[in-house]
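The values are calculated or read from the model by the stated rules, or taken from the named source; none is laboratory data. Worth saying up front: this structure is predicted, and the values here are computed from it rather than measured. Cβ placement follows ideal geometry from the backbone for every residue including glycine, while neighbour counts extend to all protein chains displayed. Areas reflect the complete protein model, heavy atoms only, side chains present, ligands, DNA and RNA absent. Shrake-Rupley method; radii C 1.70, N 1.55, O 1.52, S 1.80 Å.
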Amino acid sequence: MSFIIKGRVWKYGDNINTDIISPGQYMSLPVEKQAVHAMEAIDPTFAEKVQPGDILVAGNNFGSGSSRETAQMVLKHHQIGAIVANSFARIFYRNSINVGLPVVEMLDTTVIEEGDDLEINLLEGKIINHTKGAEYKGTKLPEHLIEMVKLGGLEPYLAKKLGIS
Amino acid sequence: MGMTMSEKILAKASGQKSVKAGDIVWVKVDIAMMHDLLGPWLVDGGFRRLGGKLFDKEKVVVVSDHCTPPATVQQADILKFTRDWARAQELPYYYEFQGPCHQVIVEHGHVRPGRLILGTDSHTCMAGGLGAFATGIGSTEMIGVLLTGETWLKVPETIKVVWDGKLPHGVYAKDIVLKTIKDIGHAGATYQTIEFSGTAIEDLSMDERLVLSNMAVEAGAKTGLIEPDQKVVEFIRSKGVTEEIDMISSDKDAVYTRVLHYYASELEPQVACPHEVDNVHPVSAVEGKAVDQVYLGSCTNGRISDLRIAAKILKGKKISKNIRCLVVPASQHIWMQANKEGILDILTDAGCIVNMPSCGACGGFTSGVIGAGEVVMSSSNRNFRGRMGSPKGEVYLGSPAAVAATAIEGKITDPRKYLPKEVMV
């Protein structure tokens, strides 16, 4: 996984919960079928418009609610590059790191608008807004997780730890 | 400096004398719990790629509850996968069609004070009602836990919530927790433990304490803890547990980030309005809102004391012709108890439909999901947009008493109206 992510912004508000990202009624379907319904409760066009590498920018408490990793699975299926939010819900944040979906917190995401071109440096916690010519401070990856993210998530990390190639 | 319950349990789990909030520690897990929807069918690939050997099958509990009974072929396939996986792993603890996982692991003695429990469901925190540190994790993380029995956790800070005094008639644990979540906010306890204490909490039955810990995650909390007491000991002994019980408690000089103090006697029935659990108002503010469905059940409020309250309210009455009322006991054990007590007769005579114990419509999975424009009054734990079916539906949350009273009138109703003092419980 790269530590530099570049992409176009789709902008959302506060409390984007896991029932919105991955509605319960579709969770038993294969991920490609679930992904069609991702975010549809608040943005019915999401699955059609989103492009690989796009960045989701939201307000407070992104990913609140369920443990369901189907939320990460559908966003990864759409090849979302990263999520930037004022804050994340605990389980969502943890799951994202475990599956190698970059998540970055920054103090005030209202300065970013839909359609902006962002470049994120995960190691430095730096966010450059090329559209606005601005630079923001985001959170860096926690030290103890950098190796895991470098390897691509928890599974490759465990493989290394357990000596499985 | 004193330690909180969270710090003590995580110190023990990490083999250290003491830890403090903010530390990141490697911990050994006492129980790894998975359910059908986020369990074996999602973890199996990674688990096998990494060797496929469980760290300790006695510490792995699998509960099929989300896809039961299956409503689609896909759900049936998931259920079969889960059952086959549990058999292939020779798991001593596999439960199917017994009810939501959180209730099942409590009823079968897997939850004990001082234990560290991780589960693939956000409401795993319910086990905190018995003094276990319990929290939700994702499926990928569970792969690591299954293989090694370990993971890393950040030791959480703790918010202490004190409820003193006596609850008034017609006001319940659900009202306590809704009011608490309103004040802390949807994300106010993120990365923290909520510790419930005070005389009103001590007075609560085991059934009601579990309501508080179940919903701690709705304020973003990592877990919701209640100090174990004699009621907890008796409850655990009744499940056949004979080993010594770790009566863990926070030290008097433990450090809290916040302390919130309430007086139970001032509390009124509360209702969480669409589409956030912290959008809470006194029932008087939403009285009269017409509903299409009433849902009495879930791991939050489908226990025997909840069904008893509903039966007191609905005895000899009929539910509104304009609605349907679904009752979902939180376990097969509770179903049988309710049957024995005549509660199911009372509820069905009133016009309720009793569904089998499962996660059911609470998470939008089976049996009772709602369509566009439909409104539900539910005793469950979450009212997010689209949670129970259509994103154009609305879910209100209240106590089982408020739910039962609403069933009679077909509109949101103050339960105190149907609870004359002599029959108050």
- Message: Any residue that is open to solvent by less than 10 Å² (accessible area, probe 1.4 Å) and either free of Cβ contacts under 8 Å to residues at least 60 places away in the same chain or over 20 Å from B:His333 (Cα atoms) (or both) - is there at least one of those in the range B:11-18?
- Response: yes
- For B:Met356, indicate whether it is open to solvent by 10 Å² or more (accessible area, probe 1.4 Å), in contact (Cβ under 8 Å) with a residue 12 or more places away in the chain and farther than 21 Å from B:Ser213 by Cβ. yes
- Query: Got a number for residues in the range B:359-380 being more than 10 Å from every other protein chain (Cβ to nearest Cβ), in contact with a strand residue (DSSP E or B) (Cβ under 7 Å, 6 or more places away or on another chain) and in a loop (DSSP other than H, G, I, E, B)?
  - Reply: 5
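Going through the range B:96-118 one residue at a time, which ones are under 17 Å from B:Cys67 (Cα atoms) and within 14 Å of chain A (Cβ to nearest Cβ)?
Step one: list which residues in the range B:96-118 are under 17 Å from B:Cys67 (Cα atoms), which gives B:96-104.
Correct list: B:Pro100, B:Cys101, B:His102.
Of the residues that sit in the range A:8-23 and are in contact with a Lys or Arg (Cβ under 9 Å, 6 or more places away or on another chain) and more than 22 Å from B:Thr190 (Cβ to Cβ), which one is farthest from the other protein chains (Cβ to nearest Cβ)?
Here the residue is A:Trp10.
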- Task: Considering only the range A:39-148, give the helices (runs of 4 or more DSSP H) lying wholly within it that have at least 1 residues that are at the interface with chain B (Cβ under 10 Å from one of its Cβ atoms) and buried (at least 22 other Cβ atoms within 10 Å of the Cβ).
- Result: A:70-77, A:90-99
- Message: Residues that are under 23 Å from B:Gly170 (Cα atoms): list the strands (runs of 3 or more DSSP E) wholly contained in the range B:219-334 that include at least 3 such residues.
- Response: B:258-263, B:270-272, B:280-282, B:293-297, B:324-328
- Using the structure shown, decide if B:Ser331 is open to solvent by 10 Å² or more (accessible area, probe 1.4 Å), among the small types (Gly, Ala, Ser) and under 22 Å from the mean Cα position of the chain (by Cα). no
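Output the strands (runs of 3 or more DSSP E) that fall wholly within the range B:52-126 and possess 1 or more residues being open to solvent by less than 10 Å² (accessible area, probe 1.4 Å), or say none.
On the way: elements: B:60-64, B:94-96, B:116-119.
Fully inside the range B:52-126 and qualifying: B:60-64, B:116-119.
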- Query: Taking the condition among the aliphatic types (A, V, I, L, M), within 14 Å of chain A (Cβ to nearest Cβ) and either more than 27 Å from B:Ser18 (Cβ to Cβ) or in contact with a helix residue (DSSP H, G or I) (Cβ under 9 Å, 6 or more places away or on another chain) (or both), does B:Met247 pass?
  - Reply: no
- For the range B:137-157, pairs from a residue that is within 8 Å of chain A (Cβ to nearest Cβ) to a residue that is surrounded by fewer than 20 Cβ atoms within 10 Å (Cβ to Cβ) and assigned to a strand (DSSP E or B), with Cβ under 6 Å and 6 or more apart or across chains, are B:Trp152/B:Ile24; B:Trp152/B:Trp26
- Task: Would you mind finding the one in B:Ile313, B:Ile323, B:Ile309, B:Ile353 that is in contact with a Pro (Cβ under 8 Å, 6 or more places away or on another chain) and over 25 Å from B:Cys125 (Cβ atoms)?
- Result: B:Ile313
- Spot the failing condition for B:Gln293; the list is (1) under 22 Å from the mean Cα position of the chain (by Cα); (2) within 26 Å of B:Val106 (Cβ to Cβ), and only one is missed. (2)
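Among residues belonging to the range B:134-184 that are in a helix (DSSP H, G or I) and of a type in the set (Lys, Arg), point out the one that is surrounded by the fewest Cβ atoms within 10 Å (Cβ to Cβ).
The selected residue is B:Lys182.
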- Query: Restricting attention to the range B:191-201, and to residues there that are surrounded by 22 or more Cβ atoms within 10 Å (Cβ to Cβ) and within 14 Å of chain A (Cβ to nearest Cβ), which single residue is nearest to B:Ala264 (Cα to Cα)?
  - Reply: B:Ile194
